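Accompanying notes for the structure given below.
The values are calculated or read from the model by the stated rules, or taken from the named source; none is laboratory data. Remember, predicted model here, so these are calculated numbers, not experimental data. Here the Cβ is made from the backbone with ideal geometry for all residues, glycine too, and neighbour counts use every protein chain on show. Protein only, heavy atoms only, side chains kept; ligands, DNA and RNA dropped before computing areas. Shrake-Rupley method; radii C 1.70, N 1.55, O 1.52, S 1.80 Å.
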Amino acid sequence: SLSVCLSVPLLCLFTFISSSPSGTQEFSAPFVHIGWILTKCKLDNHWVWDLNQYCLIVVWMLLRCGMDVVLWYYIVAYSLWPPRSFLQGSLFPMLFILLGQFILSWYLNPYWLFLKFRQIARRNTKYKAA
């Protein structure tokens, strides 16, 4: 039953990785789906669920939050370097991109990580009490 629950998300993960060279922002999505499937299969007290959640956090921190740092580097570096200025385009699209990047980097990513740590802590408390 565990192999059936994990085979489809892993197949989707490998398909996604091989088809999208710039998809580093979404490499954590398969871990989210695997965790959801394990929870629905009543396997959220299994060690595989723990391993999946910790892998999700590591991948999220390295690829999602790390890519945000790289994007901010390019935004700042290319906006200060005149030959290849990042802000040469129209003002509204650039403000829209910068606002979205700011909200994602400084509010949503830390909030999502907080929720994930809280979920793990509540789950550990639930199964230690039982």
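Can you tell me how many residues in the stretch 58-72 are more than 23 Å from Leu99 (Cβ to Cβ) and crowded, with 16+ Cβ neighbours inside 10 Å? Please lay out each step first, then the result.
Of the stretch 58-72, the ones more than 23 Å from Leu99 (Cβ to Cβ) are 58-59, 61-62.
Now narrow it down to the ones that are crowded, with 16+ Cβ neighbours inside 10 Å: 59.
Of the residues in that region, 1 qualify.
Being at pLDDT 80 or above, of a type outside the set (A, V, I, L, M, F, W, C) and open to solvent by less than 50 Å² (accessible area, probe 1.4 Å) is the requirement here; does Gln53 meet it?
Details: at pLDDT 80 or above: yes; of a type outside the set (A, V, I, L, M, F, W, C): yes; open to solvent by less than 50 Å² (accessible area, probe 1.4 Å): yes.
Yes; evaluated as a whole, the condition is true for this residue.
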- Message: Six or more apart or on different chains, Cβ atoms under 9 Å: show the pairs whose first residue is in the stretch 99-120 and part of a helix (DSSP H, G or I) and whose second is exposed (fewer than 11 other Cβ atoms within 10 Å of the Cβ) and not basic (Lys, Arg).
- Response: Ser105/Val69
- Could you list, in sequence order, the residues of the stretch 39-56 that are free of Cβ contacts under 8 Å to residues at least 40 places away in the same chain and over 18 Å from Leu115 (Cα atoms)? Lys40, Lys42, Trp47
- Query: Within the stretch 70-107, which residues are closer than 30 Å to Trp36 by Cα, modelled with pLDDT under 80 and touching a helix residue (DSSP H, G or I) at 6+ places or on another chain (Cβ under 8 Å)?
  - Reply: Leu71
